[in-house]
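Written below as structure tokens is the structure these notes are about.
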Amino acid sequence: MPSYLEQLDAAPAAKRWAMARGWLFGEPLPFFAELRAKRPVLVLPELTLVTRFADCDRVLRNHATFGVDLYKPKQGGYWMAQDDTAQHWREKSIMRSILDYEEVAPMRAYVGQKAAALLAAAHGTMDVVGGLTRAVPVALTQDWFGYSDANPHDLEQWSYWNQQDAFHNQPFDAVAVADPGAIVRHRELSDLALAAYLAALIAARTVEIKTGGDRQDPVSRLLRLSFSGALKFSVEQVLSNVGGLLIGAVETTSHCAVNALQGLLGRPDVLAAARQAAIAADPAAFDGFVFECLRWKPAFPYFFRTCHAPTTLAQDTEFATAVPAGATVLAVTHSAMFDETMFADPDRFDPTRPTGDTFTFGLGLHECLGRAIGAAMIPEIVRQCLMLPGLRQVSPPDYKGGAVPEAYQLAWDAT
């Protein structure tokens, strides 16, 4: 049978990205191994894929050369759609301060209690996407981030459509998305509804603050900072950043938790050890099982950037490749996490593997704002599932033709 590259080279240029994309999601590890060995910088008409660790690291760290231009049509003036700007540095710093690192442990305890209660109420079977992996981060958003009186379904939808449009509805996704315009319309309607909700929420919190209230959720903290005049941080920016807390919290958490559950349930030789770690007094050893699953199947197999100036990737190697300004570059980090130059014995499932060189939460200037919270919430949701007796997969995750898991039926022995 012809190799992946032989098939690509024999195909019309206009069909190559669709073929490569199919392998990227359907047969990733053998496809990536061939690319790393024979063509680590794959140039296609629509975009360029880089697959070795060194080049992915360079693309994600070097925001001056590789920028997030493709976020701008989706996120407007939000700081995440900017690179090295004063607004980006200021607002990301503010949000990191608002999300107190000291609160991560209590948040994890909350997540564990919430997940356990939802599972107990399910009596032995559940679609965990609808009933758990989205429901838990929605509850965290309500009880910790200030959305206390919001409708949970609305919160799911607002997060979902923003993520769909920003991450899965880019120009290069047209080969797989039936109606890109419909996703944009859903996102725009969601943004209007979210803005209306947040305007009312901020008005209510403003009254509380002005009348002596001392509520400590992020909405109230941000408003107090805005009112102080200590920084350039308007009420409109408060609204934008509170919206960002929701959008970033739900769908990515769900996708990661589903991938980790599927990864563990599909490895009987690993599952017993993971269960033992799950019931241990200190869950720290368990977390490695989850993050190793996410190395094998990350929620985001790549991060996209726009090249700002002519540059050479795979520099000083036989595969050196010129990339022109304006080119879309995919840093295929799923491949990079199997690069033997950085990962010892990469094809072995190793829950003790250090995570410092993985890309689960991105890298560089645009690393996930909620990294510390996600690193606690995702494994805790999975841990609560693994403590259930006889946990098993009824059917594989159902993507319903899209980019994220929409349903995943699990069962266990109800007590």
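Of the residues Ala54, Ala18, only one is at pLDDT 95 or above, small (Gly, Ala, Ser) and under 22 Å from Thr311 (Cβ atoms); which? Lay out the reasoning, then the answer.
Numbers: Ala18 fails: under 22 Å from Thr311 (Cβ atoms).
Exactly one of Ala54, Ala18 is at pLDDT 95 or above, small (Gly, Ala, Ser) and under 22 Å from Thr311 (Cβ atoms), namely Ala54.
Going by the conditions given, is Val270 in a strand (DSSP E or B) and crowded, with 17+ Cβ neighbours inside 10 Å?
So Val270 does not fit the description; no.
From the list Ala327, Ala376, Ala407, which one is touching a residue at least 40 places away in the same chain (Cβ under 8 Å) and touching a Pro at 6+ places or on another chain (Cβ under 8 Å)?
From the options Ala327, Ala376, Ala407, the qualifying one is Ala407.
When you look at Gly390, is it at positive phi and either assigned to a strand (DSSP E or B) or free of Cβ contacts under 8 Å to residues at least 60 places away in the same chain (or both), yes or no?
yes
Considering each of Tyr101, Tyr4 in turn, give the residue that is surrounded by 15 or more Cβ atoms within 10 Å (Cβ to Cβ) and either at positive phi or among the aromatic types (Phe, Trp, Tyr) (or both).
Details: Tyr101 fails: surrounded by 15 or more Cβ atoms within 10 Å (Cβ to Cβ).
It is Tyr4.
Looking only at the range 101-108, decide whether some residue is over 28 Å from Pro379 (Cβ atoms) and either basic (Lys, Arg) or in contact (Cβ under 8 Å) with a residue 12 or more places away in the chain (or both).
Scanning the range 101-108, I find no residue that is over 28 Å from Pro379 (Cβ atoms) and either basic (Lys, Arg) or in contact (Cβ under 8 Å) with a residue 12 or more places away in the chain (or both), so the answer is no.
I'd like to check something: does the range 39-50 contain any residue that is over 12 Å from Ala331 (Cα atoms), part of a helix (DSSP H, G or I) and either hydroxyl-bearing (Ser, Thr, Tyr) or modelled with pLDDT of 95 or more (or both)?
Residues of the range 39-50 over 12 Å from Ala331 (Cα atoms): 39, 43-46.
Filter once more, so that each one left must be part of a helix (DSSP H, G or I): none.
No, every residue in the range 39-50 fails to be over 12 Å from Ala331 (Cα atoms), part of a helix (DSSP H, G or I) and either hydroxyl-bearing (Ser, Thr, Tyr) or modelled with pLDDT of 95 or more (or both).
Is it the case that Gly77 is touching a residue at least 60 places away in the same chain (Cβ under 8 Å), of a type in the set (Gly, Ala, Ser) and either in contact with a Phe, Trp or Tyr (Cβ under 8 Å, 6 or more places away or on another chain) or part of a helix (DSSP H, G or I) (or both)?
It is false that Gly77 is touching a residue at least 60 places away in the same chain (Cβ under 8 Å), of a type in the set (Gly, Ala, Ser) and either in contact with a Phe, Trp or Tyr (Cβ under 8 Å, 6 or more places away or on another chain) or part of a helix (DSSP H, G or I) (or both).
Can you find, within the range 328-358, the residue that is modelled with the lowest pLDDT among those that are of a type in the set (Val, Ile, Thr) and assigned to a loop (DSSP other than H, G, I, E, B)?
That would be Thr355.
Provide a single number: the residues in the range 80-129 that are in a helix (DSSP H, G or I) and within 24 Å of Tyr399 (Cβ to Cβ).
Residues flagged as in a helix (DSSP H, G or I) and within 24 Å of Tyr399 (Cβ to Cβ) within the range 80-129 amount to 6.
The values are calculated or read from the model by the stated rules, or taken from the named source; none is laboratory data. None of these values were measured; they are calculated from a predicted model. Counting neighbours? That spans all protein chains shown, and the Cβs are built from the backbone with ideal geometry, glycine included.
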